[in-house]
Every structure is written in structure tokens, then in C-alpha cells.
Amino acid sequence: MLSRKNKLILLKLLSLFSIVRGYNILVIVSAQYLAAIFILAPHIRLKDIVLDTYLFVIVLASAGVIAAGYIINNFYDREKDLINRPQKTMLDRLVSQQTKLTGYFVLNFLSVILASYVSFRAVMFFSLYVFGIWFYSHKLKKIPFVGNFVASTLSITPFFAVFIYYKNFDEVVFVHATFLFLMLVMREMIKDLGNLRGDFAQNYKTIPIMYGESTSKKMISLLVIASGIPIYFLLFKYEIGHMYLYFYFSLFLLVMFLIALWTSSKREHYIVLHTILKLIILLGVCSIVLIDVNMILDRILW
């Protein structure tokens, strides 16, 4: 039986995990390693990638900056989230604003220090990444479409850190990145539709507020159609092994998403749509291994 004090400590740890979106960070870390193994450095032995100290530091620094980004985002959005997500906000408020700010500065500082182990360029990269997240949270977030575009760019930035490290400039890398980027932009725009009440109350100038829900849905529909372009190239121009199964399934989900989009009008509906996009992204991470199922065994033995 936990004491009152231990229960409070446990709740604060859960609150901290919720604030930094620990589950999202685990997915990003996994995606960075899987992308390195199957897409960015398929010619390097599996053991050499997993035990690469420089790659580990890059991934760890990325995780630190992302966690700090979630903290500062939570700090600026506390009033809006109280309207849109009251239950989560009440849990998050178990951690004081002072503690959040301290954690934000400590995580960013440690991440930049870690980056110095790799190179001065890595220090510059992560320093700019830290500034970009802060500037987005402080200023750009409230600007229609610019906020969505920047948020999606910042979400995909950790993969560019690994991409730059391996210096892989193959076309297929950019096509994969384009598909992921489109999914992220759509996810941000769906979040705006779901957060309409809180955004309006806090004077956020999002696309649904400035131009209406119908315009926002039309823009999302165009992004769904545009996502068919990288899917087409990945299916018919590049060798992606059994990952073709994922992209056919993604097409099916996107068609269902598009139909549901135009019949949605409540926050609950947009939460479902947001979940579909998150599922596509998560399955994409897990499906990277399908690019070459035999590669794992071959590279372990190599």
C-alpha cells in the first residue's frame, strides 16, 4: 500500500512523463535508429550502427531537445489546454511552472553539451534547433499555416540530424521524408480543428479560426491527395521490399480519413482523425524493417 507521499511522487512522475510526451520520444528514438539501419546506412553493419557512440549521442541530444520543446510548449499553452484537454492539464499542473522552466533549460543545456562530443557543427545544429522550437512556441504558433508548417518541420528535424551524420543524399530518403512531412502537416491542421474552442478563447489565429473549417478541410484534402505522389514513387520507382504493404494500407487509411474528414464536426471526431494519422506515422516507423526482412540476419552475421 503506497503512502500519500509516495502516491504524490508517482503522480508527479506521471505528470512529467505526460508533459514531455515520453511515448512520442520513444517512437522518435526508435525511428531514428531504424531509419539509420534500413534507409540511411544500409551498407554499415548492424552492430556498428547500434554501438556507434556518435549516433547514440545525436539521438540522446535529439531526445533532450524534443523533451524540452514539449515542456516549453506546455508552458505557453497551459490556458488553452485547460479548455481543450482539461483532464490532461490537471495532471500536468502537478508539476510547477518553475520546475518546468528549470527542466527546459537543463535539458537544452545538456543536449548542446552532448552535441559537442560529436562536433562543433552538431553544437550549431542543436543550438538552432533549440532556438527554432522556442521561437515557434513563443511567436510562430499563432500564425495561420506558418505555425503548422514550422511545427511539422521541427518534428522531422531529428531525422535530418541522423541524415546529415550519414551524409546519405539518395532520392528515396527525400521521398520518405516528404511523405512523413505531409502526414505531420495534416496532423497539425487536424489538431487545430479539434482545438478550435481553446484557440479562439486564447486568440490563436489558426486556419479554422481565420478562414473557416471548410477552408481548413479543403487544404487538408489537398494534402491527402498530394501524399499520393510520394506513395506512388515509393511503390513503383524505388525498391522498398515488403514495405509496399504499409503504403497500400496507408492509402486505404487515407481514403477513410478523407471521407470521415468531411463528415466530422465535433472535437471527438477530430480526435479520431488525429488518431488515424498518428497510426499511419507509428506503423510507418514499425514497417521500416519490412524494407529488407533478411537484412537483419545478414548484417548480424556480416
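FYI, it's all coordinate maths here, none of it is from the lab. Note that the coordinates shown come from a computational prediction; the quantities given were computed from them, not determined experimentally. Ideal geometry is used to build each Cβ from the backbone, glycine not excepted, and the neighbour counts take in all protein chains shown.
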Rounded FRET efficiency, nearest 0.05, which uses the C-beta distance separating S127 from L10 and R0 of 45 Å: 0.80
Counted neighbours (other Cβ, 10 Å), sorted fewest up, put I71, I49 in the order I49, I71
GNM top mover of F163, F252, F75 - the chain, alpha-carbon springs below 10 Å: F252
Hey, if you put +1 on the Cβ of every Lys and Arg and -1 on every Asp and Glu Cβ in segment 13-301, which of I209, L34, L283 ends up farthest toward the positive end of that dipole? I209
Does segment 121-259 classify as rounded, prolate or oblate by the C-alpha gyration tensor (a ≥ b ≥ c root eigenvalues; a/c under 1.5 gives rounded; else a/b over b/c gives prolate, otherwise oblate)? oblate
Filter the trypsin sites (Lys or Arg not before Pro) in segment 120-159 down to the DSSP loop ones having no more than 16 other Cβ atoms within 10 Å, then list what survives. K139
When the chain is treated as a Gaussian network with springs between alpha carbons less than 10 Å apart, the largest mean-square fluctuation among S96, S155, S116 is found at S96
With just the Cα atoms of segment 13-301, tell me how far they stretch along each of the three principal axes, in Å, largest first. 58, 45, 30
Computed magnitude of the charge dipole of the chain (debye, nearest 20; Cβ of K, R +1, Cβ of D, E -1): 1160 debye
How would segment 119-198 be classified by its alpha-carbon gyration tensor: rounded, prolate or oblate, with rounded meaning a/c under 1.5 and the a/b versus b/c comparison settling the rest? oblate
Per DSSP, the loop-located trypsin sites (Lys or Arg not before Pro) within segment 201-302 having at most 16 other beta carbons within 10 Å are K205, K237, K266
Please give the length that would be gained between Q98 and T53 if that part of the chain were fully extended, namely 0.36 nm times their separation in residues minus their C-alpha to C-alpha distance (nm, one decimal). 12.8 nm
